[in-house]
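Q: The structure follows.
The values are calculated or read from the model by the stated rules, or taken from the named source; none is laboratory data. This is a predicted model, so every value here is computed, not measured. Positions of Cβ are generated from backbone atoms using ideal geometry, with glycine treated the same way; all protein chains shown enter the neighbour counts. These accessible areas exclude ligands, DNA and RNA; they are computed on the full protein's heavy atoms, side chains included. Shrake-Rupley method; radii C 1.70, N 1.55, O 1.52, S 1.80 Å.
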Amino acid sequence: MSTSIHDHKILILDFGSQTTQLIARRVRELKVYCEMHPFNMPLDEIRAFAPQGIILSGGPASVYEKGAPITDRAIFEMGAPVLGICYGMQLMTFVLGGEVARAQRREYGHAGMYLDDITDLFRGMDPAVPEVVWMSHGDRIQVMPEGFTAIAHTDNSPVAAMGDKSRKLFGVQFHPEVVHTRSGTQILDNFLFAVCELEPTWNMRSFIEDSTERLKERIGDDRIICALSGGVDSSVVAALLHNAVGDRLTCVFVDNGVLRAGEAERVIEVFKNHLKVDLRFVPAADRFLDLLKGVVDPEEKRKIIGHEFIRVFEETARSIGDVKYLAQGTLYPDVIESVSFKGPSATIKSHHNVGGLPDRMNLELVEPLRELFKDEVRIVGEEMGLPHELVQRHPFPGPGLAIRILGEVTKERLEILRRADRIVQEEMRRSGYYEKVWQAFAVLLPIRTVGVMGDERTYEHVAALRVVDSLDAMTADWTRLPYEVLAAISSRIINEVKGINRVVYDISSKPPSTIEWE
Ligand code: XMP
């Protein structure tokens, strides 16, 4: 049934832990739909969401602190099983009449845990073998609420996990969502399937069917436009919409003059020729490059490109005629970020690529990916038959190569960077590292250095190579690429790209640096 994927679902209430998003990812990996909301989600909204289970995340607070995030007792009385993790367990204890106290010793890091009950949460696990779990807490359970028994202990915590079987309420002092807790996935699996009796209905095939139906219903006979960037998100949005409404979708692809080599051709090939999407290709390179003349300030470059993009897109959209909707590739992490645990008052993140457009043009926003994580989007793309190469592409910023050319953006410097960048992409793929890293690209520096080629002295540009590992681009570390891969990239760039005689490797992490140089 196409409508069943949201029938089985978990609500995660966020108390501000760094790992709350990980809980959501693990639940999704176990094929159960879940949503994360701030801890103070109103009760009537929780009832309307009708979760079959609730997970209370960890958080930095202490339940007795002034202003600590506390929930209503009613969430434990709705009939849905509840799993409290770390702070969530302490909160459960506090709200249900138990006692929480400062631990004599803060537990942080790995701990050995002994199972005292293997019926529900720890079903199928071996009580003879101590479990390795990840702890991070300063408070502990002194007195359990009425009806609870300890189901696991550590040397430091007599109550490392507790449960009230009749009410299906469970608490764990450790973090099952992190990889350091060895049986973490098994424990979450038990909560979802043994305790909540959910069914694993969430998968990307059913997501495609479900969202196609919903898009058909919502858009009806109206027209929708979508800005294609050549990246994964907008490509998957376009494919989903095309599937749902066929030629009532028009895609707009703007050549802003700062694209990678071969980018425009590739988008036309996939969407126009292969998928037969109504694609408006707008060659506007000169307009953008004229405006960028003489501009060296990074923010100025971003602004110019952003504004001009809106202008071009608006002109094109008007020429298409009666459009009612605008599609956008907002992902779940963007949604979560905009309603952080501080509650809905926290700043809303505006999407940088088409900011301002819907209001100006009186368009309604359609965001078919707002329930998905990036890896889920990639699976959807593969399922829909988009080329593997496109689906696995690294993120590429809206202002494109303009923010990877330090100093002025000129046609000549763009050409140099495009050649170097193509070599980086080729060598990353050849070595098998392309799909292992978050991003890999070249940056053109505004300095020249001396070199020697044959018998001649050269005085040319420097390219910096940036390769990073990351999960969500919020933090990143430079990739420890093997020397051979670095050597291949460097020697090919210096030999094949006229204008570059030196390559350096960027070994900065984010923070304090950023991924892009501008
Ligand atoms: P930074 O440089 O802030 O980048 O560490 C984080 C991630 O975002 C990408 N990025 C952008 N993406 N429009 C985009 O669509 C932009 O203006 C933009 N600026 C940075 C960057 O490539 C990295 O993946």
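Q: With an 8 Å cut-off on Cα pairs and a minimum separation of 6 or more residues, tell me the relative contact order of the chain in percent.
A: On the way: 1000 pairs, mean separation 56.1, N = 518.
The value is 11 percent.
Q: Restricting attention to the range 167-211, which GluC sites (Glu not before Pro) occupy a DSSP loop and are surrounded by at most 13 other Cβ atoms within 10 Å? Mind showing how you got there, number by number?
A: On the way: sites: Glu177, Glu197, Glu209; in loops: Glu177, Glu197.
For GluC sites (Glu not before Pro) across the range 167-211 that sit outside H, G, I, E and B with at most 13 neighbouring Cβ atoms in 10 Å, the list reads Glu197.
Q: Once you have all Cα-Cα distances for the range 358-418, histogram them in 10 Å bins from zero and send the whole-percent values.
A: That works out to 17, 27, 28, 27, 1, in percent per bin.
Q: Follow-up question, since we're still on this one. If I model a spin label as a point 7 Å beyond the Cα along the Cα-Cβ vector, how far apart are those points for Thr410 and Arg311 in nm?
A: That separation, rounded to one decimal, is 2.4 nm.
Q: What distance in nm separates the two pseudo spin-label positions at Glu265 and His6, each 7 Å out from Cα along the beta-carbon direction?
A: Between Glu265 and His6, the label points sit 4.3 nm apart.
Q: Moving to a separate point now. Just need log10 I(q)/I(0) for the range 137-190 at q = 0.18, 0.20, 0.21, 0.26 Å⁻¹, Debye formula, equal scatterers on the alpha-carbon atoms, no solvent, rounded to two decimals.
A: -0.63, -0.76, -0.83, -1.13
Q: What shape does the range 36-151 take by its C-alpha gyration tensor, where a ≥ b ≥ c are the square roots of the eigenvalues and a/c under 1.5 counts as rounded, a/b above b/c as prolate, and the rest as oblate?
A: Numbers: a/c = 1.87, a/b = 1.30, b/c = 1.44.
Taking the square roots of the gyration eigenvalues as a ≥ b ≥ c, the range 36-151 is oblate.
Q: Using heavy-atom solvent-accessible surface (probe 1.4 Å) with all chains present, what is the largest-first order of Val503, Val100, Val452, Val143? Intermediate values should be presented prior to the final figure.
A: Values: Val503 35, Val100 10, Val452 115, Val143 70 Å².
From most accessible down to least: Val452, Val143, Val503, Val100.
Q: I need the shape label for the range 100-256. Rule: rounded when a/c is under 1.5, else prolate if a/b > b/c, else oblate, with a, b, c from the alpha carbon gyration tensor. Before the final figure, lay out each step's value.
A: Details: a/c = 3.46, a/b = 2.55, b/c = 1.36.
The shape class here is prolate.
Q: Another question, then. In square nanometres, what is the average projected area of the Cα convex hull of the range 170-235? Let's see the in-between values first.
A: On the way: hull surface 31.7 nm².
Spelled out: convex hull of the Cα atoms, projected over all directions, averaged, 7.9 nm².
Q: As an exercise, use a Förster radius of 56 Å and the Cβ-Cβ distance of Leu43 and Tyr483 to find the FRET efficiency, rounded to the nearest 0.05.
A: Details: r = 58 Å, r/R0 = 1.04.
Between Leu43 and Tyr483 the formula returns 0.45.
Q: Measure off 7 Å from each Cα along the Cα-to-Cβ vector at Met474 and Gln104, then give the distance between these two points in nanometres to one decimal.
A: Result: 3.6 nm between the two label points.
Q: In addition: Treating the angle as unsigned and between 0 and 90°, give the value, to the nearest 10°, between the Cα long axis of helix 232-245 and the longest Cα principal axis of the chain.
A: 80
Q: Compute the angle between helix 204-219 and the longest alpha-carbon principal axis of the chain, please, reported from 0 to 90 degrees and rounded to the nearest 10.
A: 70
Q: Give me the mean projected area, in nm² to one decimal, of the convex hull enclosing the Cα positions of the range 388-516.
A: Working: hull surface 33.0 nm².
Result: a mean projected hull area of 8.2 nm².
Q: If you scale each eigenvalue of the Cα gyration tensor by 5 and take the root, what three semi-axes come out for the range 11-72, rounded to whole angstrom and sorted largest first? If you can, show how the numbers build up before the last one.
A: Details: eigenvalues 88, 50, 9 Å².
Semi-axes, largest first: 21, 16, 7 Å.
Q: Starting from the Cα gyration tensor of the range 386-462, take the square roots of the eigenvalues, sort them a ≥ b ≥ c, and report rounded, prolate or oblate (rounded when a/c is under 1.5, otherwise prolate if a/b is larger than b/c, else oblate).
A: Here the range 386-462 falls in the oblate category.
Q: Which cross-chain or sequence-distant (5 or more) residues have an amide H under 5 Å from the amide H of Leu365, H modelled 1.01 Å from N in plane?
A: Leu326
Q: What is the diffusion coefficient of the range 447-518 in µm²/s, taking the Kirkwood radius over Cα pairs and the Stokes-Einstein relation at 20 °C with a viscosity of 1.002 mPa s? Mind dumping the intermediate values first?
A: Values: Rh = 13.6 Å.
Taking Rh from Cα pairs, D becomes 158 µm²/s.
Q: So how much slack lies between Val452 and Arg370, counting 0.36 nm per residue of separation and subtracting their Cα-Cα distance, in nm? Write out the running numbers ahead of the final one.
A: Details: separation 82, 0.36 × 82 = 29.52 nm, distance 5.27 nm.
Contour length minus Cα-Cα distance gives 24.3 nm.
Q: Hey, with R₀ at 25 Å, roughly what FRET efficiency would Asp155 and His180 work out to, going by the Cβ-Cβ distance, to 0.05? Before the final figure, lay out the partial values.
A: Values: r = 18 Å, r/R0 = 0.70.
FRET efficiency, Asp155 to His180: 0.90.
Q: Now for a different question. Would you mind checking the tilt of helix 483-496 against the longest principal axis of the Cα atoms of the chain, expressed as 0 to 90 degrees and rounded to 10?
A: 20
Q: Would you kindly give the portion of the calculated P(r) for the range 194-299 that falls above 18 Å, as a percent of all Cα pairs? Walk me through the numbers on the way to the answer.
A: Details: 3300 of 5565 pairs.
Across the range 194-299, Cα pairs with separations above 18 Å total 59 percent.
Q: Something else now. 5 Å is the cut-off here: which amide hydrogens, built 1.01 Å from N in the peptide plane, fall below it relative to Ala476, excluding neighbours closer than 5 in sequence?
A: So Ala476 has HN proximity to Lys510.
Q: Determine the alpha carbon to alpha carbon distance for each of Lys276/Lys374; Lys301/Lys498; Lys9/Lys374; Lys301/Lys510; Lys374/Lys510; Lys168/Lys436 and list only those over 30 Å. Don't skip to the answer; put the middle values down first.
A: Values: Lys276/Lys374 25 Å; Lys301/Lys498 26 Å; Lys9/Lys374 20 Å; Lys301/Lys510 22 Å; Lys374/Lys510 20 Å; Lys168/Lys436 41 Å.
The answer is Lys168/Lys436.
Q: Sorted by average packing, counted as other Cβ atoms within 10 angstrom per residue and highest first, what order do 108-117, 131-140, 243-252 take?
A: Details: 108-117: 15.9, 131-140: 20.8, 243-252: 19.0.
Ranking the peptides 108-117, 131-140, 243-252 by packing returns 131-140, 243-252, 108-117.
Q: Mind putting a number on the dipole of the chain about its Cα centre? Charges go on the C-beta only, +1 for Lys and Arg and -1 for Asp and Glu, and I need it in Debye to the nearest 20. It would help to have the intermediate numbers written out before the result.
A: Numbers: 60 positive and 75 negative charges, 189 e Å.
Dipole of the chain, to the nearest 20 debye: 900 debye.
Q: Where q = 0.22, 0.27 Å⁻¹, what log10 of I(q)/I(0) comes from the Debye formula for the range 244-325, counting one point per Cα?
A: Calculated log10 I(q)/I(0) at the listed q: -1.08, -1.30.
Q: Also: Could you report the accessible area of Ser491 in Å², rounded to 10, computed with a 1.4 Å probe on the protein chains as they sit in the structure?
A: 60
Q: I need the calculated FRET efficiency for the pair Lys324 and Glu383, taking r as the beta carbon distance and R₀ as 30 Å, to the nearest 0.05. Let's see the in-between values first.
A: On the way: r = 28 Å, r/R0 = 0.93.
For R0 = 30 Å, the calculated efficiency reads 0.60.
Q: For the chain, what are Rg and Dmax over the alpha carbons, in angstrom?
A: For the chain, the Cα-based Rg and Dmax read 26.3, 86 Å.
Q: So the label point goes 7 Å from the Cα of Lys276 along Cα→C-beta, right? Which residues of the range 214-254 then have their backbone N under 17 Å from it?
A: Under cut-off, by backbone N: 239-251.
Q: Right, here's the next one. Whole angstrom only: what separates the Cα centroid of the range 235-272 from the Cα centroid of the range 51-111?
A: Value for the Cα centre distance between the two parts: 47 Å.
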